[in-house]
Amino acid sequence: MNSLTLSQVTKTYDGVTALDAVAFTVAPGERVALLGHNGAGKSTLMKIILGLIPATSGQVTVLGAAPGSQTARDGTAYLPENVAFHPALTGLEQIRLYLRLRGDDPARAMDLLDRVGLGQAARRRIGTYSKGMRQRVGLAQALIGNPRLLVLDEPTSGLDPVSRRDFYTILDGLAAEGAAILLSSHALTEVEARTDRIVILSQGRLMANDTLAALRRRAALPIRLHIAARPGAADEVAAQLAGGRRNGVMVDLTCGHDDKLARLGDIAALKGLIEDVEIIPPSLEDLYSHFSRRDGQ
Amino acid sequence: MTALARPVAALGASEFRIALRNRWVTITVAMMALFALVLSAAGSAPTGDVGVDALSVTVASLTSLGVYLVPLMALLMSFDAVAGEIERGTLSLTLTYPVSRSTILLGKFAAHLAVLSIAVGAGYGLAAVAALVVDPEATAGLPALWRLFWSSLLLGAVFLAIGYALSAVARRPGAAAGLAIGVWLALVVLYDLGLLAAVVADGGGAFTTHALPWLLLANPADAFRLYNLAASEATSAAAGLGGAAQTIPVLHALISILLWPLAAFALAVVALRRVTP
């Protein structure tokens, strides 16, 4: 059974459509990235999943129950975007409160804060924390009670690169234990390596829902080949391969997915003139632009 | 603990800690203690003339003070309760926990009421000590002081709940603060001035005899004042609209101050339920 199932979820505000027949699923242990511009409907979709706002139409099933039901709330953890917490409380006091609200043992607060790397600052007031530290308090509360579904809105915003890596390591552990994870992010490169599937929303509509490899195949965006010529051979390489020269030694080529091997063969035939070849597949940014603008934006 | 008591206790303890850290406890205790001592000093002089004990006179003064100060302290503590959580983004987070909206309000309410009871208890307690020091007969006023204490908490409860409702309607702390001050002015200051003007214009007619008592009962601050003055033996020491106290049964005033906290809390829960996080 899927941890989260959305079918034909539509939300309208005063006649404006925020979500238009969105449908996808998240299975246990799966990490799904939700991508979209600001205002694409990501936060609205998350709030519907959490039962904070009702959908205008369509079906949402969270852990086999209705969103906002006792079963759904007991098993779901949420990290809101830019959550700030009360500055007068310490991280430890804040996490102890959330543990008690879940009916959990408040003595576990220190373990949770250690797990997100806040053990040293646990007894300091949140008012003295940096944005990244507040974000870790938010992550610590999302780990309470072994949630079976995590809904994370921009979880890594404000985190430095090392903290981001630690954060995804924690998520990997949760997913390995069977938790379903739905996270939104603007940092496409980190999503690329750390999630199993990508859902792209644009203007409230689902534009793509697939693995990165499948999206690459479907988009059929050109692959770039960077060829480093031997000194003085750049012009000849460029002429032979009908490619543009980038500078004195580099030659740039683009080709379709199916032409890739043939083009590499051409390049290999010139091996006396060539130092190195780099194959650059379309980036997630390219894919994201492709899918989110498909509607003729 | 039961399923309801546990989250209320957790939220209440957290909110009380915030009130301590934000110095609300210090500020309200200092304010009440200072005013109570000043009134005790001022009230100790005319004791012999009026013929009642020093504490009963002080209770009449404290009633007039409490009717302004208790609603003000309650609104100052409560205006940020919902709007602040919306601004910090913690309201939507707490609502995804297995906790209902009324439970969230109950937790805050318990903590804020505890702060009020500490402040009011400290102020009134000091007044009692001061009266007992100058007048050994002042023990006669202790029942009136006790009555003033718990009715002050009921009055505070009303304005705490009104503060939560305003906070939920305003959604931004700044706007909620403005609304809170407006409500305080309207209910505590302007309401009585308006009634006084109407009484003067009416000249003892139907308004004064029929509408006025009900209008006084309809305002929690007036009901509080009427109840304490009517029940006290020191009614003669009171001024202003206190004179109307004779025409209103004590029971009606008591019912009003008992019903108001329930009605105001229900209003706050409705207002919070309407908030879309």
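Any read-out appearing in this document is the output of simple, stated calculations on the displayed coordinates, not a laboratory observation. Remember, it's a predicted structure, so these values are computed and weren't measured experimentally. Cβ placement follows ideal geometry from the backbone for every residue including glycine, while neighbour counts extend to all protein chains displayed.
Values as computed for the structure displayed
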quantity: Most mobile listed residue (B:136, B:213, B:98) in chain B, GNM with C-alpha springs under 10 Å; calculated: B:98
quantity: Ordering of A:185-191, A:74-80, B:127-133 by packing [mean C-beta count within 10 Å, highest first]; calculated: A:74-80, B:127-133, A:185-191
quantity: Length-normalised contact order of chain A in % [C-alpha pairs under 8 Å, at least 6 apart]; calculated: 20 percent
quantity: Three-way shape call for chain A based on the alpha-carbon gyration tensor, with the a/c threshold at 1.5; calculated: prolate
quantity: Residue A:196 versus residue B:196: modelled label distance in nm, points set 7 Å from Cα along the beta carbon direction; calculated: 7.4 nm
quantity: Potential extension, residue B:42-residue B:68 segment - 0.36 nm per residue separation minus Cα distance; calculated: 7.5 nm
quantity: Chain B: DSSP helices with Cα axial extent of at least 30 Å and average Kyte-Doolittle hydropathy no lower than 1.0; calculated: B:54-78, B:101-134, B:142-170, B:250-273
quantity: Computed E for residue A:239/residue B:100 - FRET, C-beta separation, R0 51 angstrom, nearest 0.05; calculated: 0.10
quantity: Under 29 Å, Cα to Cα: Lys pairs in chain A, sequence gap 8 or more or different chains; calculated: 5
quantity: Modelled label reach - residue B:274, point 7 Å along Cα→Cβ, the range A:38-62 residues with backbone N closer than 15 Å; calculated: none
quantity: Shape call, the protein assembly as shown: gyration tensor on alpha carbons, a/c limit 1.5; calculated: prolate
quantity: Per-residue average of Cβ from other chains inside 10 Å of A:96-102; calculated: 6
quantity: Among A:258, A:104, A:20, residue whose mean-square fluctuation peaks in a GNM of chain A (springs only between Cα atoms under 10 Å); calculated: A:258
quantity: Relative contact order computed over chain B (Cα-Cα under 8 Å; 6+ residues apart), in percent; calculated: 28 percent
quantity: Per-peptide average of other Cβ atoms within 10 Å, ordering A:202-209, B:66-73 highest first; calculated: B:66-73, A:202-209
quantity: Residue B:255-residue A:157 FRET efficiency (beta carbon distance; Förster radius 45 Å; 0.05 resolution); calculated: 0.25
quantity: Inter-centroid distance (Cα atoms) of the range A:249-272 relative to the range B:116-190, Å; calculated: 83 Å
quantity: Shielding by other protein chains, A:66-72, mean Cβ within 10 Å; calculated: 1
quantity: Residue mean of other protein chain beta carbons inside 10 Å, B:94-105; calculated: 5
quantity: Theoretical gain in end-to-end length, residue B:218 to residue B:266 [0.36 nm per residue, Cα-Cα removed]; calculated: 15.6 nm
quantity: Listed residues B:210, B:252, B:112, most fluctuating in chain B (Gaussian network, C-alpha, under 10 Å); calculated: B:210
quantity: Shape call, the range B:5-273: gyration tensor on alpha carbons, a/c limit 1.5; calculated: oblate
